Amino acid sequence: MNIKQILKTFCFHYFLIYGLTMMASFFWCLASGGTSISLDFFWKAMIFSLVADAPLFVFWSRREPTGKQTLIRIIIHGILLEILLPAAGWFIGMWRGVGGYFIFFATVLIVDASIFGITYLKMSVEAGNINTALRKRKMEKEKKEEEGDGFGEDNRDSQSE
């Protein structure tokens with residue numbers, strides 16, 4: 001991805017991550033039976049979302065990566081998430097203790113897979129739209145070539161008669 005695509009995806013992921021973090025926190029509070037969220041948590045969740053989105057820059061590349069390079073970057077991205085997010089989650093109070101860590105670890109994997117799935121679907125729709133536009137352009141060009149553009153041999157022959 002080039003830097004423009006990275007920044008566009010970064011913004012999309014940031015709001016997605018923040019929204020999912022807030023939704024998960026809300027449901028966690030409901031399940032905990034009366035736990036409340038402080039106003040300070042909203043700022044911490046914003047910082048957490050930035051930390052969660054930062055490994056996206058692993059995908060930055062000037063040239064289109066090969067399939068193997070992309071797979072390696074996906075693996076590195078996942079490893080970075082599993083290193084950075086537990087620390088950030090502990091900082092904002094999302095987990096405590098060994099059991100909390102393993103639940104948090106599994107949650108990060110599930111959320112990461114979900115975000116990649118949503119992004120994949122979004123990019124698939126964009127690719128489909130681009131492919132449709134390219135097919136339409138190709139068909140118009142072929143139709144125009146079949147009809148002639150007024151400068152072909154047929155017109156020169158008819159002008160000389």
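The values are calculated or read from the model by the stated rules, or taken from the named source; none is laboratory data. Because the structure is a prediction, the values reported are computed rather than measured. Note that we place each Cβ from the backbone using ideal geometry, even for glycine, and neighbour counts take in every protein chain shown. These area figures cover heavy atoms from the full protein model, side chains too; ligands, DNA and RNA do not enter into them. Shrake-Rupley method; radii C 1.70, N 1.55, O 1.52, S 1.80 Å.
Quick notes
- Counted charge near A106, where neighbours are those whose Cβ lies closer than 12 Å (Asp, Glu -1; Lys, Arg +1): -2
- For mean projected area of the Cα convex hull in nm², the candidate list reads (i) 14.3; (ii) 10.9; (iii) 15.2; the entry that matches the value derived from this model is (i).
- Note that the chain presents 74 Å² accessible area per residue, ligands and nucleic acids not counted, probe 1.4 Å.
- Each residue, I72 and A106, gets one label point 7 Å from its Cα in the Cβ direction; the gap between the two is 3.3 nm.
- Using R0 = 35 Å, the C-beta based FRET efficiency linking F57 and M139 works out to 0.35.
- Label point 7 Å beyond Cα of E64 along Cβ direction - residues of the stretch 4-34 with amide nitrogen under 11 Å: none
- Cα lying deepest toward the dipole's positive end in the stretch 1-147, options P65, F102, T119, charges on Cβ: P65
- Estimated [θ] at 222 nm from DSSP helical runs (n ≥ 4, -39500 (n - 2.57)) normalised by residues in the chain, nearest 500: -28500 deg cm²/dmol
- Within the straight-line cut-off of under 16 Å between alpha carbons, the lysines reachable from K8 are K122, sequence neighbours fewer than 8 places apart in one chain being disregarded.
- FRET efficiency, 1/(1 + (r/R0)^6) with R0 35 Å, evaluated for F26 and S124 via beta carbons: 0.70
- Highest-fluctuation residue, M94, M23, M46 considered, GNM on the chain with Cα pairs under 10 Å: M23
- Summary: within the chain, the longest segment free of chymotrypsin sites (Phe, Trp or Tyr not before Pro) located in DSSP loops with at most 16 other C-beta atoms within 10 Å is 61-150.
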